[in-house]
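Accompanying notes for the structure given below.
The values are calculated or read from the model by the stated rules, or taken from the named source; none is laboratory data. Owing to the predicted nature of the structure, the values given are computational and were not obtained by experimental measurement. Reconstructed Cβ throughout: ideal geometry from the backbone, glycine too, with neighbour counts over all protein chains shown. Accessible surface areas use protein heavy atoms only, side chains included; no ligands, DNA or RNA. Shrake-Rupley method; radii C 1.70, N 1.55, O 1.52, S 1.80 Å.
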Amino acid sequence: ALQQDGPCAIRYPKDNAVDLPRPLQPIESGKAEILGWGSDAIILCAGTLLSDCVAAAEVLRHDQIHVGVVNMRFVKPLDQAIVRRALEQARLVVTVEEAALMGGFGSAVLEFAADEGLPTAHIKRLGIPDHFVEHGERTELLKDLKLDAAGIEHTIRARLSRAIPNPHSTESAVH
């Protein structure tokens, strides 16, 4: 933030920060961090749920489901090159955010895809729905909203087990 020429916002988590073991690299404005790539699914995570995304991907990879995780780091500017690559290469793209779905990070990914003429049927957004959420401990709420590692893993398994049209196929879909 100190190296920025203009204003920026830093969101502080409501819980203890989790340290993911990885080589530290300089943070470049607007650039995501690829923690792993997968052909079955790519999780695009914006914010505090990164460790849950990594844990979900590890469990899925153990079952031979190739899931990658991208730490998006920035919502604005959106790393369009990484989003495009995920949309073009993965059967399923899951956006994860601990924020409102309406008008949030996942919506920005959908808008980018629509503006670029990219398929969107294989995008699944996870975040806070547009209805009243009961008060409670953060871990309880994340579990109820399926935003914990188990919920993210379950969502990916369920979506991949359905007949998701392959957005990269040149064959026409049968209805």
Conditions (1) surrounded by fewer than 19 Cβ atoms within 10 Å (Cβ to Cβ); (2) of a type in the set (A, V, I, L, M, F, W, C); (3) touching a Leu at 6+ places or on another chain (Cβ under 9 Å): number failed by residue 114: (3)
Residues satisfying the stated conditions in segment 147-162, i.e. of a type in the set (S, T, N, Q) and either in contact (Cβ under 8 Å) with a residue 12 or more places away in the chain or in contact with a strand residue (DSSP E or B) (Cβ under 7 Å, 6 or more places away or on another chain) (or both): 155
Test result for residue 153, modelled with pLDDT of 90 or more, open to solvent by less than 70 Å² (accessible area, probe 1.4 Å) and part of a strand (DSSP E or B): no
Tally of residues being over 25 Å from residue 65 (Cα atoms) and either at pLDDT below 95 or in a loop (DSSP other than H, G, I, E, B) (or both) across segment 91-123: 7
Verdict on residue 143 being outside any loop (DSSP other than H, G, I, E, B), more than 11 Å from residue 44 (Cβ to Cβ), open to solvent by 70 Å² or more (accessible area, probe 1.4 Å) and charged (D, E, K, R): yes
Subset of segment 72-98 [over 18 Å from residue 56 (Cβ atoms) and touching a strand residue (DSSP E or B) at 6+ places or on another chain (Cβ under 9 Å)]: 73, 74, 75, 79, 82, 83, 85, 87, 89
Flag if residue 90 is open to solvent by less than 30 Å² (accessible area, probe 1.4 Å) and touching a residue at least 24 places away in the same chain (Cβ under 8 Å): yes
Residue within segment 70-84 that is over 19 Å from residue 113 (Cβ atoms), of a type in the set (A, V, I, L, M) and open to solvent by less than 80 Å² (accessible area, probe 1.4 Å) present: no
Top-ranked residue in segment 35-72 [being touching a residue at least 60 places away in the same chain (Cβ under 8 Å) and assigned to a loop (DSSP other than H, G, I, E, B); ranked as farthest from residue 91 (Cα to Cα)]: 49
Some residue of segment 123-136 being touching a residue at least 40 places away in the same chain (Cβ under 8 Å) and either open to solvent by less than 30 Å² (accessible area, probe 1.4 Å) or closer than 21 Å to residue 157 by Cα (or both): no
Segment 73-90, residues that are closer than 19 Å to residue 29 by Cβ, outside any loop (DSSP other than H, G, I, E, B) and either modelled with pLDDT under 95 or of a type in the set (Gly, Ala, Ser) (or both): 81
